[in-house]
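Participant: My questions all concern the structure below.
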Amino acid sequence: MGKTWLATALGITVCRQFYKVRSVRLPELLDDLLVAKNEVNGDFKKILVRYGNITP
């Protein structure tokens, strides 16, 4: 059983329970965080909230 397969299966299961799921590849996540961290306008906190926000 692969990691991607397991993550996809968990995401599908959670979607069936009416929760929101965001699928992001690690390189893209790290790029977003690195760019936002180097910005002066406070985007880093917004990105952390966006990726950390889990709501049904």
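Participant: Return yes when Thr8 is open to solvent by less than 100 Å² (accessible area, probe 1.4 Å) and either modelled with pLDDT of 80 or more or within 10 Å of the chain's Cα centre (by Cα) (or both) and no when it is not.
Facilitator: Against the criterion (open to solvent by less than 100 Å² (accessible area, probe 1.4 Å) and either modelled with pLDDT of 80 or more or within 10 Å of the chain's Cα centre (by Cα) (or both)), Thr8 qualifies.
Participant: A follow-up question, please. Only residues that are in contact with a Ser or Thr (Cβ under 7 Å, 6 or more places away or on another chain) and open to solvent by 80 Å² or more (accessible area, probe 1.4 Å): list them for segment 11-40, please.
Facilitator: Across segment 11-40, the qualifying residue is only Lys20.
Participant: When both residues are 6+ apart or on different chains and their Cβ atoms are under 8 Å apart, which pairs have a first residue that lies in segment 11-23 and is within 17 Å of Arg50 (Cα to Cα) and modelled with pLDDT under 90, and a second that is hydrophobic (A, V, I, L, M, F, W, C) and open to solvent by less than 100 Å² (accessible area, probe 1.4 Å)?
Facilitator: Val21/Val14; Val21/Cys15; Ser23/Ala7
Participant: Here is a follow-up. Search segment 42-53 for residues that are in contact (Cβ under 8 Å) with a residue 12 or more places away in the chain and surrounded by 12 or more Cβ atoms within 10 Å (Cβ to Cβ) and pair each with any residue that is among the aliphatic types (A, V, I, L, M) and in a helix (DSSP H, G or I) when their beta-carbon atoms are under 6 Å apart and the residues are at least 6 apart or on different chains.
Facilitator: If the second residue must be among the aliphatic types (A, V, I, L, M) and in a helix (DSSP H, G or I), the pairs left are Ile47/Ala36.
The values are calculated or read from the model by the stated rules, or taken from the named source; none is laboratory data. Quantities reported herein were computed from a predicted structural model and do not represent experimental measurements. When we count neighbours, we look across all protein chains shown, and the Cβ atoms used for this are built from the backbone with ideal geometry, even at glycine. Just so you know, the surface numbers come from the protein's heavy atoms only, side chains and all, with ligands and any DNA or RNA stripped out. Shrake-Rupley method; radii C 1.70, N 1.55, O 1.52, S 1.80 Å.
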